[in-house]
Amino acid sequence: MKVILKAESVVHGGETLARHEGRVVFLRGAAPGDRVEAELTGEGRFERTRALRVVERSTSHVDPPCAIVERCGGCPLQHVTYEAQLAAKQELTADALERIGGFPRGSYELGAIVPSPSQFRYRRRARLHRAAGGAWGFSQAGVATIEPVDECLLFEPLLQQLARVARSAGELPGVVDLGLLTGEKKGAIDLRVEGPAAPGLRRRAEELALHPLVRGVTLAGSAIGDPVIADAPLPNGARLRARPDTFAQANRAMLPALQREALRAVGDAGRVLELFCGSGTLTLPLLGQGQKVIAVENAGPSLALLRRSADEAQLAVKLIAGDAAAAVRAFAEPVDAVLLDPPRTGAADAVRALATLRPARIAYVSCDAPTLARDGKLLAQSGYRLVRAVPLDLFPQTAHYEVVATFQR
């Protein structure tokens, strides 16, 4: 049945909340305040649907500039003004911490969300999946097909050029997706395969590595050319490095803000244990400040990049390869602060292990507010209190953002 719904607010995942006869409806394609027509089944306690048409547009609704925004699904907030996007993410942070974590509003300092300098053309890395007919594109949550994408309005100009280079390579037999990473003038490409790489694919990879815009290619973990991208030096001289087959934050312009908030969360702690350090996004700014830093990571290539960056700048850091929770349980030295930046699934095991280590301060950097709230609840049960949380919008037009939270005993 077709009904008229009033969109209320953005929820986690980028949909908007509406209600019909006491039932909750999650809408795609509606901005807060919109009145829209949608089709409902009437089944279940709640349902998900898409706005068929906007009957009455709110002041937070704008025309999305991308022609395939509905089919691609990667930018569910592109039709929402940036001011409303920021307000929604600020509210979602407080909501998750209160509803899931049990941290009442006003019991901690909630910093104003840090906006991105660019709302479009900010991504320096991406991963494209193989679509039908050999095209490359993105997948939408809950949809099996891949939407071909020729141009993404979130890509930095150089990343868009690199994507064109990868597409122009022709057939890449056995490659299931393409990882793209750009520096200031050149980029690197990762060819991900299932199983061993065919000889013909290696020849194509070698040809790709010769392109003027390509520093190197990674194929099944091996490097062709030099696929390492190094950022400009930090104040301490360290240069953050990444490869297209390792993790790197996508929004280059927001890295200083993220690093600044993480440093503030750590404070003046003398001995810092960092978990999930990756290639050093948050580790490197800590070095050379008179603090002793021990960093843990289970991805060998990322840890090798961090070691290279620290050694080049002659900065001391102790690196531990392995699982974060296991490293905490085996850790015998006292630490003043723990910094962790886990994947979207969180770090429940490591957080439980921290109860025995008992650092005075825990800085938790999260890309998922509900997961942060869940792990924060575990910290509260171990005697920690949340003192500050700051959301940062590293992903405009999308439902994602980062939060830096500070816990103290």
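Below is a table of values for the structure above.
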| quantity | calculated |
| --- | --- |
| Qualifying positions in segment 129-146 - assigned to a strand (DSSP E or B) and over 20 Å from Pro396 (Cβ atoms) | His129, Arg130, Trp136, Gly137, Ser139, Ile146 |
| Selection count where residues are surrounded by 22 or more Cβ atoms within 10 Å (Cβ to Cβ) and among the small types (Gly, Ala, Ser), scope segment 367-409 | 5 |
| One residue from Gly221, Gly225 being at positive phi and in contact with a strand residue (DSSP E or B) (Cβ under 8 Å, 6 or more places away or on another chain) | Gly225 |
| Residue selected from segment 193-243 under the condition within 25 Å of the chain's Cα centre (by Cα) and over 29 Å from Asp311 (Cβ atoms), by the criterion surrounded by the fewest Cβ atoms within 10 Å (Cβ to Cβ) | Glu194 |
| Answer residue from segment 90-110, given it is more than 17 Å from Gln408 (Cβ to Cβ) and of a type in the set (A, V, I, L, M) and is most open to solvent (accessible area, probe 1.4 Å) among those | Ile100 |
| Scan of segment 94-111 for residues that are more than 22 Å from the chain's Cα centre (by Cα) and outside any loop (DSSP other than H, G, I, E, B), ordered by number | Glu98, Arg99, Glu109 |
| Candidate set from segment 4-35 (those that are modelled with pLDDT of 95 or more and either over 31 Å from the mean Cα position of the chain (by Cα) or farther than 27 Å from His400 by Cα (or both)); member that is most open to solvent (accessible area, probe 1.4 Å) | Arg35 |
| Top-ranked residue in segment 36-78 [being farther than 26 Å from His129 by Cα and polar (S, T, N, Q); ranked as surrounded by the fewest Cβ atoms within 10 Å (Cβ to Cβ)] | Thr41 |
| Filtered residues of segment 331-372 (kept if assigned to a helix (DSSP H, G or I) and in contact with a strand residue (DSSP E or B) (Cβ under 9 Å, 6 or more places away or on another chain)) | Ala350, Val351, Leu354, Leu357, Ala369, Leu372 |
| Asp336 surrounded by fewer than 20 Cβ atoms within 10 Å (Cβ to Cβ) and in contact with a Pro (Cβ under 8 Å, 6 or more places away or on another chain) | yes |
| Selected residue (criterion: nearest to Ala205 (Cα to Cα)) from residues of segment 133-156 that are within 20 Å of the chain's Cα centre (by Cα) and at pLDDT 90 or above | Gly137 |
| Unmet criterion (only one of (1) open to solvent by 40 Å² or more (accessible area, probe 1.4 Å); (2) without any contact (Cβ under 8 Å) to a residue 60 or more places away in the chain; (3) closer than 17 Å to Val338 by Cβ) for Phe276 | (2) |
| Residues of segment 63-82 classified as touching a residue at least 24 places away in the same chain (Cβ under 8 Å), assigned to a loop (DSSP other than H, G, I, E, B) and over 18 Å from Asp393 (Cα atoms), total | 4 |
| Pick from segment 250-273, criterion open to solvent by 10 Å² or more (accessible area, probe 1.4 Å) and either touching a helix residue (DSSP H, G or I) at 6+ places or on another chain (Cβ under 7 Å) or among the hydroxyl-bearing types (Ser, Thr, Tyr) (or both), ranking: farthest from Tyr401 (Cα to Cα) | Leu263 |
| Some residue of segment 263-282 being touching a Phe, Trp or Tyr at 6+ places or on another chain (Cβ under 7 Å) and under 29 Å from Tyr122 (Cα atoms) | yes |
| Segment 97-126 residues that are under 24 Å from Ala265 (Cβ atoms), paired with ones that are open to solvent by 50 Å² or more (accessible area, probe 1.4 Å) and among the small types (Gly, Ala, Ser) (beta carbon under 6 Å, 6 or more apart) | Pro117/Ala253 |
| Residue check, Arg130 open to solvent by 60 Å² or more (accessible area, probe 1.4 Å), of a type in the set (Lys, Arg) and over 20 Å from the mean Cα position of the chain (by Cα) | yes |
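The values are calculated or read from the model by the stated rules, or taken from the named source; none is laboratory data. In this text the structure is predicted, and so the values were computed from the model without any measurement. When we count neighbours, we look across all protein chains shown, and the Cβ atoms used for this are built from the backbone with ideal geometry, even at glycine. The protein model used for the area step is the full one, side chains on, heavy atoms only, and it has no ligands, DNA or RNA in it. Shrake-Rupley method; radii C 1.70, N 1.55, O 1.52, S 1.80 Å.
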